Amino acid sequence: MADVRKVFMPANRLTPLKTSWPSIVAPIVQHLHLNIRFNPATRCVEIKGSEEQSQLLQKAEEFVKSFAYGFDLQDGIVL
């Protein structure tokens, strides 16, 4: 069974999200081996993985949340 984490993106972070999307997706897909997508209807970034990957999902969720709060991408990667 798949586990999905959703991170809401506020309106003021949508344009930075669009410009930084490749930099956000790369570490999550290549290093953590998770699926990620942006759902424009709900304005949420959805991260999907298996239940065995719950720690990796938590790391990816914290990374995306730090970006949503306005932190720099490099600061989020450190988390």
- Check on I24, touching a helix residue (DSSP H, G or I) at 6+ places or on another chain (Cβ under 9 Å) and either outside any strand (DSSP E or B) or charged (D, E, K, R) (or both): yes
- Query: Looking only at segment 1-20, which residues are surrounded by 11 or more Cβ atoms within 10 Å (Cβ to Cβ), in contact with a Lys or Arg (Cβ under 6 Å, 6 or more places away or on another chain) and part of a strand (DSSP E or B)?
  - Reply: V4, V7
- Message: Pairs please, first residue from segment 46-60 and farther than 11 Å from I36 by Cβ, second anywhere and surrounded by fewer than 12 Cβ atoms within 10 Å (Cβ to Cβ), Cβ atoms under 9 Å, 6+ apart in sequence or on different chains.
- Response: S50/M1; S50/A2; E51/M1; E51/A2; Q53/H33; L56/H33; K59/L79
- Among the residues of segment 55-79, count how many are part of a helix (DSSP H, G or I) and at pLDDT below 90. 6
- Note on the structure: Checked segment 63-77 for anything open to solvent by less than 80 Å² (accessible area, probe 1.4 Å) and without any contact (Cβ under 8 Å) to a residue 40 or more places away in the chain; matches are F63, S66, G76
- Name the residues in segment 21-53 that are in contact with a strand residue (DSSP E or B) (Cβ under 9 Å, 6 or more places away or on another chain), surrounded by 12 or more Cβ atoms within 10 Å (Cβ to Cβ) and among the hydroxyl-bearing types (S, T, Y), would you? S50
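The values are calculated or read from the model by the stated rules, or taken from the named source; none is laboratory data. Here the structure is a predicted model, which is why all the values come from computation and not from measurement. Quick reminder, even Gly has a Cβ in these numbers, built from the backbone with ideal geometry, and neighbours come from all protein chains shown. Surface areas here come from the heavy atoms of the whole protein model, side chains and all, with no ligands, DNA or RNA. Shrake-Rupley method; radii C 1.70, N 1.55, O 1.52, S 1.80 Å.
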